[in-house]
Amino acid sequence: MKAALGLRLLAIFFAFGAAVCGLTLLLLSFPGTSFDSLWRLNPEAQTSLQSLGKLSILLMSMVGLGCGLAAVGLWRGRRWGMRLALIILSVNIIGDLLNALARHDYRALIGLPIGGVMIWYLARRHSHSKTFGA
C-alpha cells in the first residue's frame, strides 16, 4: 500500500536526519581535515560530541540507524516505521525539554511544538492504520 504524503514527507525528514548523522560521523572520525569547517554550522555540537570521545561515534551511529530505519518504514507505510518515528520524536522532545531546563538553552524549546505536531500526526495515523502492514 502506498504511504500518504504526510508519511512520505516525514520519511524524507528522517532520511535527512540519517544523512546529517552520517556527516557528523565522518567529521568525528576524521578530525583535523578540511571538512572541519562544517562544524561552523554548529560549533556547540562539535564541543559536546568531542567531549564524549568514542561514545559520540556510538551515539551518532545509533541515532543515524534509527532515523534511517524510520525513514524506510515510513516510506513503505509500515506500522513499525510509525512506531519507531514516534519513539525517536518522543525522545527528542524530552531531550529538548531537558536542554531548556538544565542548560537554560531556550532555543531548544522550538522543537517542542514542531515535534508535538509530528507526534500528533503519526499517532493519529497509527491509530487509524488497520490497513498498514506490520
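The values are calculated or read from the model by the stated rules, or taken from the named source; none is laboratory data. This structure is a prediction, so every number in the text was calculated from the model and none was measured. With ideal geometry, Cβ positions are generated from the backbone for all residues, glycine too; neighbour counts draw on all protein chains shown.
Condition first: farther than 27 Å from residue 113 by Cβ and among the small types (Gly, Ala, Ser). Can you find one or more residues in the stretch 3-23 that meet it? Checked the stretch 3-23: at least one residue is farther than 27 Å from residue 113 by Cβ and among the small types (Gly, Ala, Ser). Cβ separations smaller than 9 Å between residues 6+ apart or across chains give the following pairs from the stretch 113-133 residues that are modelled with pLDDT of 70 or more to residues that are assigned to a loop (DSSP other than H, G, I, E, B): 125/4; 125/132; 126/132.
The set of residues in the stretch 87-107 that are of a type in the set (A, V, I, L, M, F, W, C) and either closer than 13 Å to residue 13 by Cβ or surrounded by 18 or more Cβ atoms within 10 Å (Cβ to Cβ) (or both) comprises 88, 89, 93. Consider the stretch 1-16 and keep the residues that are surrounded by 13 or more Cβ atoms within 10 Å (Cβ to Cβ) and over 20 Å from residue 62 (Cα atoms). The one that is modelled with the lowest pLDDT is 3. Whenever a residue of the stretch 39-64 is over 19 Å from residue 14 (Cβ atoms) and of a type in the set (D, E, K, R), its partners that are surrounded by fewer than 14 Cβ atoms within 10 Å (Cβ to Cβ) and modelled with pLDDT under 90, lying with C-beta atoms within less than 9 angstrom and at least six residues away or across chains, give the pairs 44/105.
Taking the stretch 70-86, which residues are among the charged types (D, E, K, R) and surrounded by fewer than 17 Cβ atoms within 10 Å (Cβ to Cβ)? Passing the criteria: 76, 79, 83. In contact with a His (Cβ under 7 Å, 6 or more places away or on another chain) and in a helix (DSSP H, G or I): is that true of residue 60 in this structure? Spelling it out, it is not the case that residue 60 is in contact with a His (Cβ under 7 Å, 6 or more places away or on another chain) and in a helix (DSSP H, G or I).
The test for being loosely packed, with under 14 Cβ neighbours inside 10 Å, among the hydrophobic types (A, V, I, L, M, F, W, C) and in contact with a helix residue (DSSP H, G or I) (Cβ under 8 Å, 6 or more places away or on another chain) holds for residue 35.
One line per residue, one yes/no per condition, for (1) touching a Leu at 6+ places or on another chain (Cβ under 7 Å); (2) in a helix (DSSP H, G or I):
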{"position": "32", "(1), (2)": "no, no"}
{"position": "38", "(1), (2)": "yes, yes"}
{"position": "56", "(1), (2)": "yes, yes"}
{"position": "74", "(1), (2)": "yes, yes"}
{"position": "84", "(1), (2)": "yes, yes"}
{"position": "111", "(1), (2)": "no, yes"}
{"position": "114", "(1), (2)": "no, yes"}
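Within the stretch 17-59, the set of residues being modelled with pLDDT of 90 or more and either among the small types (Gly, Ala, Ser) or under 19 Å from residue 121 (Cα atoms) (or both) comprises 17, 18, 19, 22, 56. Annotation note: Cβ proximity below 9 Å between a residue of the stretch 6-17 that is on the phi > 0 side of the Ramachandran plot and a residue that is among the small types (Gly, Ala, Ser) (sequence gap 6+ or interchain) occurs for no pair. Output yes when any residue across the stretch 86-101 is touching a residue at least 60 places away in the same chain (Cβ under 8 Å) and part of a helix (DSSP H, G or I), and no when none is. Yes; the residues of the stretch 86-101 include at least one that is touching a residue at least 60 places away in the same chain (Cβ under 8 Å) and part of a helix (DSSP H, G or I).
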